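Chemist: Handing you a structure now.
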Amino acid sequence: MSPQSDPQPTDRYGKAKTLEGKLSKLSKKQRNWLIAGVLGVLVAVSVWFTFAGFLKPYTYKEVGYQIVSPTEAKVEFQVSKKPADTVQCAVQVLNEVYAVVGQKTVTIGPDTAKDTADSPQSTVTGATEVGRSTSADRYYVMELRTDSEGVTGVVDSCWVVPTS
């Protein structure tokens, strides 16, 4: 076989089609619409990621912890939720290698009757409400028993309990 009759592997099945070749066949108006569409999708995605955190019906964070003894700890945390929601949170005590040595779930019910400070009270099971900064932000302290001595206390996760 002569070198000219032996097709190169890249040309064996015809010329490769590239995106550049397809874009050059678009008219200027089509190219502008394509660019505008891609930019629109990018703006929509960035807006979604920016505001998606605000759409959560609740927030939580650890405020502090106290290791009372090798078998007991206290975790203070803050929860913000909608007044009608019931939220459960898993609170954990971790040891020096981040293994769970104590865990308990607290249930924070919907707001009920108003107290003397003219702000609604929530029904709480498993923790003690110790204060609030706004009507939605509540602070709780939970006492946990531990299998061994912990070094930190955390809120692992929270979730809204579906109403039946």
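Read the figures in this text as sums done on the coordinates, not as results from a lab. For clarity, every value in this text was computed on a predicted model and none was experimentally measured. Here Cβ is always computed from backbone atoms with ideal geometry, including for glycine, and neighbour counts include all displayed protein chains.
Chemist: With a Förster radius of 41 Å, plug the Cβ-Cβ distance of Asn95 and Arg31 into 1/(1 + (r/R0)^6) and report the FRET value to the nearest 0.05.
Modeler: Efficiency for this residue pair is about 0.10.
Chemist: Provide the packing ranking of 75-86, 33-44, 95-106, i.e. peptides ordered by the mean count of other C-beta atoms within 10 Å per residue, highest first.
Modeler: Averaged packing, sorted descending, gives the order 75-86, 95-106, 33-44.
Chemist: Separate question: Put a dot 7 Å past each Cα toward the Cβ at Asp156 and Val47; how far apart are the dots in nm?
Modeler: The answer from the label model is 3.9 nm.
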